[in-house]
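Computed from the coordinates by the stated procedures, all read-outs in this text should not be read as laboratory data. The model shown is predicted, which means the values in this text are computed figures rather than measured ones. Every residue, glycine as well, gets a Cβ built from its backbone with ideal geometry; the counts of neighbours run over all protein chains shown.
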Amino acid sequence: MINWTALIVFVLLFGLVTWIGFIAAHWRRGDLTMLHEWGLGGRRFGTIVTWFLIGGDLYTAYTFIAVPALMFGAGAIAFFAVPYTVMIYPILYIVFPRLWSVARKHGYVTSADFVRGRFGNRWLALAIACTGILATMPYIALQLVGIQVVLGAMGIETGGLSGDLPLVIAFVILAAFTYTSGLRAPAMIAIVKDLLIYITVIAAIIVVPLHLGGYGKMFAAIPPAKLLLAAPPAGSLGSFSTYATLALGSALALFLYPHSITGILSSSSARVVRRNAAALPAYSLMLGLLALVGFMAIAVGVQSMPEFTAGFKAYSNNFAVPALFLAIFPSWFVGVAFAAIAIGALVPAAIMSIATANTFTRNIYREFINPACTNVQESQMAKIVSLVIKAGALVFIFVIPFQFALYLQLLGGVWIIQTLPAVILGLYTRLLNGWALLIGWASGFCLGTWMAASVNFAPVYPLHIFGTTVPCYIALASLVVNVVVAAVLSLVLNAVSSDRHKDVTVASDYA
Amino acid sequence: MSARPDEHLPARPVAWARLLLLIPFVAVLWVPFYNRIEPTWSGIPFFYWYQLLWIILSAAIIAVVYRLEHRAGHGA
């Protein structure tokens, strides 16, 4: 049965952001035939716009569905999202203003651009670019899952060819305004999206505990096994190292994703980036509170309510949040909340497709296919690639089983972290050799993929260190191998023939 | 291009202040310390309110470091 009130509110809000997406082309007008104008908004976003843009970019619809869903299903372990968001901002503060500065100085649009200039090694830059594209694709596809779940929760049949139609419409809208307005569109929509998300989350954390009789009652309703991490068995660090390495590894990986870099490079100064490192944790607080919504869903008992049986069957635990909203809120507010989630999918999906398009165009098309291309050709290429990427994500979600998209997203984290030595260490030191970094990257990439496959695509691999079992997030373990290989080989290769003269950057570019 | 003339001046890194940024890492990576229910805070187990509190504390630390590095006379 279709929930008409919710659906009408949903469609109205969706229409509003579509309109905003198109008029965004005229905002802070720039020449959209230039890649840095279309793909970075002309590097003109100040503190507040950057705050909304990066916030809308990092805290995606999928996060809003999946983190509470994991709390709902697995309990305390899912709360690693909180220490993860605690650690990302000190990293942002220290490291990324340097990237902003050098990128501004040399006109870099992607992290692979920087690596190309710093190490003068086009194959290393190609590896960085391909890793970014590969890691982002499943991420875009997962955003669609967020839209699918809320559409299903409003009673729209999401199976079959006709059921796919609403999702196709949403993505055609997304593709059209990204094509015409570039990064300005998600930046402007992010403001509306975040207001809706904040309203929804604040309503949930006030109304639901009132309904349950306070936070104490809510936590009392949680089974003890879900309330805390399980104490590790003898001879193992168990859930403790799982929790800590998941948080640390995810934090190190986050700002290496192309869409994060796009958000950072589009800001108007390194100072804007630093200010945002202090201001963005407001989103983390929201994410932490939202994680607790998963517990609220347990306490309210949505799983045993007969009206939600079909939903849980179709979307498993991802249905927990929508079910809670349906159970607690009036229909019109359900429409607002669901619109917030769906629009929350559009913003990061738009930024991700722009970021991957920038990467493909700059680091593959211009570098390897058509080095003589004009600036107009370059930005035209990026616009077309952004369409192809979105179409690919859509096909991905229709053709490939959902579980497979999850595996790929997990592997995406393992892969993207392998770019850390070239990108982050590269910002600080030129002691590393470009070829050594490439071999380190390949070692980490292969080892990480093998580890993930050998534990059936769980995120954590049990390392055995001096007789103790240390379950460790695969991304972090494979990164260590990558760094060691890159460092040792750099010593050898630099002794034979140093490639340091290929560095086009100088120390003052980084300040 | 930018409305503020000082916008592109670099921060002057203050090394000891930057060390403060390590504190949040220690606080949240030391899992056995906070994997407990007591003391609860208005019904919320320690595990949850401790970590949520660190979101606010780490933001405050970053704000302090930012202030120190952008003081008047330091390019601010």
Sorted by chain and then number, the residues having a modelled amide H within less than 5 Å of the amide H of A:T468, at least 5 places away or on another chain, are none
If R₀ is 41 angstrom, what is the calculated FRET efficiency for the pair A:E157 and B:S42, using the beta carbon separation as r and rounding to 0.05?
0.45
Going toward the positive end of the dipole of the protein assembly as shown, with +1 on Lys and Arg Cβ and -1 on Asp and Glu Cβ, which of A:L287, A:Y257, A:A299 do you reach last?
A:Y257
Counting Lys +1, Arg +1, Asp -1, Glu -1, what net charge surrounds B:V65 among other residues with beta carbon under 11 Å of its beta carbon?
+2
Reachable lysines from A:K390, criterion Cα separation under 23 angstrom, eight or more residues apart if same chain
A:K193
Pairwise Cα inverse-distance average, inverted: Kirkwood Rh of segment B:15-69 (Å):
12.2
Share of pairwise Cα separations in chain A, more than 32 Å, in percent:
41
Report the calculated FRET efficiency for A:M305 and A:S454 (r = Cβ-Cβ distance, R0 = 35 Å), to the nearest 0.05.
0.30
Mean residue ellipticity at 222 nm from the helices of the protein assembly as shown, using -39,500 (n - 2.57) per DSSP H segment of n ≥ 4 over the full residue count, to the nearest 500 deg cm²/dmol?
-22500 deg cm²/dmol
In straight Cα distance, which lysines are under 25 Å from A:K313, not counting same-chain residues fewer than 8 positions off?
A:K226
Given charges at Cβ of Lys, Arg, Asp, Glu: the protein assembly as shown dipole, positive-most of A:I197, A:A170, A:V334
A:I197
C-alpha long axis of helix A:402-416 to longest principal axis of chain A, angle in °:
30
Net +/- balance of residues flanking A:G42 in space, Cβ distance below 14 Å, scoring K and R +1, D and E -1:
+4
Cross-link partners of A:K383 among aspartates and glutamates (Cα-Cα below 13 Å; sequence separation of 8 or more within a chain)
A:E37
Within-13-Å neighbourhood charge of A:V95 [Cβ basis; K, R +1; D, E -1]:
+3
Overall form of segment A:1-154 per C-alpha gyration tensor (a/c, 1.5; a/b vs b/c)
oblate
Net lengthening on full extension, A:D164/A:F368 (0.36 nm per residue, minus Cα-Cα):
69.7 nm
So how far, in whole Å, is the C-alpha centre of segment A:309-371 from the one of segment A:227-267?
21
Expressed in angstrom and rounded, the centroid-to-centroid distance over alpha carbons for segment A:454-480 and segment A:88-158 is 25
Could you order peptides A:473-482, B:16-25, A:304-313 by the average number of other Cβ atoms within 10 Å of their residues, highest first?
A:473-482, B:16-25, A:304-313
How far is it, in nm, from the label point at A:Q377 to the one at A:T429 when both lie 7 Å from their Cα along the line to the Cβ?
4.1
